[in-house]
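Have a look at the structure below before the remarks.
The values are calculated or read from the model by the stated rules, or taken from the named source; none is laboratory data. Note that this is a predicted model, so its numbers are computed, not measured. Cβ sites come from the backbone with ideal geometry, for glycine too, and all protein chains shown count toward neighbours.
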Amino acid sequence: MDTPLVLSVSVTPKEIDAEAHNIDGSGIYPLEFYERTRQFVDPKDVEDIFDLVAHRIVDHRIDPTAESYGLMFSHPTDDVNYGPRVTTYTKLQTMQEKVNRQLALGNRIAAVDVQDMARRLLDSHFLPDIFGNIRAFTTQSVRCTSCNEKFRRIPLSGQCSACSGKLVLTVTKAGITKYIDLARQIVEDYHLPLYYRQRLEMAKNVINSLFAPEEDEQQTTLKQF
């Protein structure tokens, strides 16, 4: 949905979204800015001390170049293309490694509340993923491994009605439970509120109601009864 339909060679600041007017053109941050940050003020209360594009929107008859030229920068570089071409996120193989590195970095930065970081990680990623996959499992379709045809309900024949191929689920147990243990570890390690422990227990209870314990690892027989 973000594919550009029209590319403009010349951009007039007045004709674009106001969000772009928040570009900072200050070359050096004044001492007042750092003093105000120690008071935890709202960013809007200090924007007047910066050279923002929004402050440069003027009548073209007065100065037509002020809003587009003379913007400074705080960190010089010879080439904006310099920098890491591959992020660490893509180099790490498992989600466990990625989360551990993220939280470890948060522990090293004094300005970061790592407990709040862990909470946000659960709220924005793990919990929605777990409960979303549970919902998807209960409403899922089946797919043919041969022709990739999908069915809302399994045909009475038990096989693909198009090619007689094998039918498989589109959402599996592994897809639902993949973050359960990791989320529990985060709750324990960062002493998050009881709410998160209860949410995970609720998810575990739902999963246990959908799947028999360790059904994939062992097959019971009548002799065991």
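Specify the residue that is surrounded by the fewest Cβ atoms within 10 Å (Cβ to Cβ); the eligible residues are those in segment 19-52 that are in contact with a Leu (Cβ under 9 Å, 6 or more places away or on another chain) and over 12 Å from SER74 (Cβ atoms).
Within segment 19-52, the match that is surrounded by the fewest Cβ atoms within 10 Å (Cβ to Cβ) is ASN22.
Taking the conditions exactly as written (farther than 30 Å from VAL168 by Cα, hydroxyl-bearing (Ser, Thr, Tyr), within 24 Å of the chain's Cα centre (by Cα) and not assigned by TED's automatic domain parsing to the domain that holds ILE186), does THR65 satisfy them or not?
So THR65 does not fit the description; no.
Does ASP78 fit the bill of being in a helix (DSSP H, G or I) and either under 30 Å from PRO30 (Cβ atoms) or in the same structural domain as ASP181 (by TED's automatic domain parsing) (or both)?
Against the criterion (in a helix (DSSP H, G or I) and either under 30 Å from PRO30 (Cβ atoms) or in the same structural domain as ASP181 (by TED's automatic domain parsing) (or both)), ASP78 does not qualify.
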